[in-house]
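Below is one structure, written out as structure tokens, with a few remarks after it.
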Amino acid sequence: MPDHPAPLARLARAASIPLLLFVAGCQGAVLDPAGDVALQQRNLIYASVGLMLLIIVPVMILTVVFAWRYRAGNKDATYDPHFDHSTSLELVIWSAPLLIIIALGALTWSSTHLLDPFRPLNRISATKAVDPREKPLLVQVVSLDWKWLFIYPELGIATVNELALPVDRQVRFDMTSSNMMNTFYAPTLAGMVYTMPGMRSTLHAVLNRPGEFEGMSANYSGAGFSYMRFRLRGLDDASFARWVGEVKGRGQSLDTANYLKLEKPSEQVPVMHFANVEPTLFQRAYERCVTPGTPCMSEIMARDHAAGGGGDPHPMKAGEGMPAGRQTLPREKPEGGLMKDTDEITPVPHNSKPRQPGAPGATDPDSPRNRDLSFLSLPAMPGHARAVRG
């Protein structure tokens, strides 16, 4: 046996290098779920792809079959240049895609409701229902520039870029953003949910097996977006209790001053632990009033409601007040330009092109010669004048 591979084998190995580089960045997290919600989402992908392949695969096969059967050299194939209709063929062509679309629509409709992130879970896994006596673990999420803050209000701790969850326990995430829109995405846990300033999103999910996973922001948010990732840890009950004790023992305090420091843009932030958290910090981050002296949205709305009314004959409902004079729509709708005559419309400067001697076409906006500007210049045909632009 030769000590060195044959030239053909070396060539095959060299040819495989570009393919390996092409798939090096691919990850199978979406198809390898660690939680029941992610599992149902993966199954939805499989079902949708399978239904679509019911059309795609036969079409690809029939394309080859027809090309071979009706080739010019096959004298046994039926040649019918006057064929124009077949009821049986029409039924097959239209009924099969229609049935697949109906199935996809029903599947999408049901899964949209069953996997609604605001909807509490009705099962921990396919074989285990949710215990109604067990309260979901609450985790408050704040997307910062460019890092993730996780607050465990019931445990009194917080972390940055590390999310630890107990296995087989429902978790409720309340999410907001400090500055710009991001997307909370842990592929092995659940789908993507947006976090937005001044708004609160909700996600219910569960992890079903221990392990180390990764989460990220899936919405571009600036220079540090590429490093806006966090470590997701699935722990059993004993390990999770031990982790909570470690955070409480070695972390610092997350008060207003430390939060304002943390809120400043920074990249590649390492994991941070906070042993205690101000109780109302997430609510103030959500209402955009962490900075001392800044009024919260609820306070502004309360003052607006108190200042509203003004004797308006159409008072607003409780909690929907605005300053006086803003409660109702205008009594009369302005008349649109389509309902006005030409002399009633004030011309806007950019609507009219100034006259320029020598310019192609006509500079008069009303000139019919301007229609020629959309025609292509074509060579003159026998017996016809040559079409000229302008």
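Its convex hull of Cα atoms gives segment 186-279 a direction-averaged projected area, equal to a quarter of the hull surface, of 7.3 nm². Other residues with beta-carbon under 15 Å from the beta-carbon of residue 247 carry, at +1 per Lys or Arg and -1 per Asp or Glu, a net charge of +2.
For segment 146-238, a crude dipole built from +1 on the beta carbon of Lys and Arg and -1 on the beta carbon of Asp and Glu, taken about the Cα centre, is about 240 debye to the nearest 20. Each of residue 47 and residue 71 was given a label point 7 Å from its Cα along the Cα-to-Cβ line. The distance between the two points is 4.3 nm. With r defined as the distance between the Cβ atoms of residue 202 and residue 57 and R0 fixed at 30 Å, what FRET efficiency is calculated, to the nearest 0.05? Computed FRET efficiency for residue 202 and residue 57: 0.15. Computed on protein heavy atoms with a 1.4 Å probe, the accessible areas place 174, 236 in the order 236, 174, largest first. Here segment 22-143 exposes an accessible surface that is 68 percent carbon and sulfur, computed with a 1.4 Å probe and the other protein chains kept in place.
Its relative contact order, with pairs defined as Cα atoms under 8 Å and 6+ residues apart, puts segment 123-243 at 27 percent.
The mean accessible area for residues of segment 192-293, using a 1.4 Å probe and ignoring ligands and nucleic acids, is 51 Å² per residue.
Placing unit charges on each Cβ (+1 for Lys and Arg, -1 for Asp and Glu) gives segment 72-138 a dipole about its Cα centre, and among 108, 124, 79 the Cα reaching farthest toward its positive end belongs to 124. Taking all protein chains as shown and a probe of 1.4 angstrom, residue 296 keeps an accessible surface of around 20 Å².
Computed with every protein chain present, the accessible area of residue 130 is close to 40 Å² [probe 1.4 Å].
Distant-in-sequence amide contacts of residue 183, defined by a placed amide H-H separation under 5 Å and a gap of 5 or more residues or a different chain, comprise 195, 218, 219. Each residue was assigned an accessible area with a 1.4 Å probe, and for residue 78 the value is about 100 Å².
Legend: calculated FRET efficiency, residue 107 to residue 78, from the Cβ-Cβ distance at R0 = 56 Å, rounded to 0.05, equals 0.90.
All C-alpha pair distances within segment 140-299, sorted into 5 Å bins from zero, spread as 2, 9, 19, 24, 22, 15, 7, 2, 0, 0 percent across the bins.
The slack in the chain from residue 264 to residue 114, taken as 0.36 nm per residue of separation less the alpha-carbon distance, amounts to 50.2 nm.
Whenever you get a sec, compute what percent of the accessible area on segment 177-316 sits on carbon and sulfur atoms (1.4 Å probe). Mind dumping the intermediate values first?
Values: 3950 of 7210 Å².
Carbon-and-sulfur percentage of accessible area, whole number: 55.
The values are calculated or read from the model by the stated rules, or taken from the named source; none is laboratory data. What you are looking at is a predicted structure, and each value in this text was computed from that prediction instead of being measured. Cβ atoms come from the backbone with ideal geometry, glycine included; neighbour counts cover every protein chain shown. Quick note on the areas: whole protein, heavy atoms, side chains included, nothing else; ligands and nucleic acids left out. Shrake-Rupley method; radii C 1.70, N 1.55, O 1.52, S 1.80 Å.
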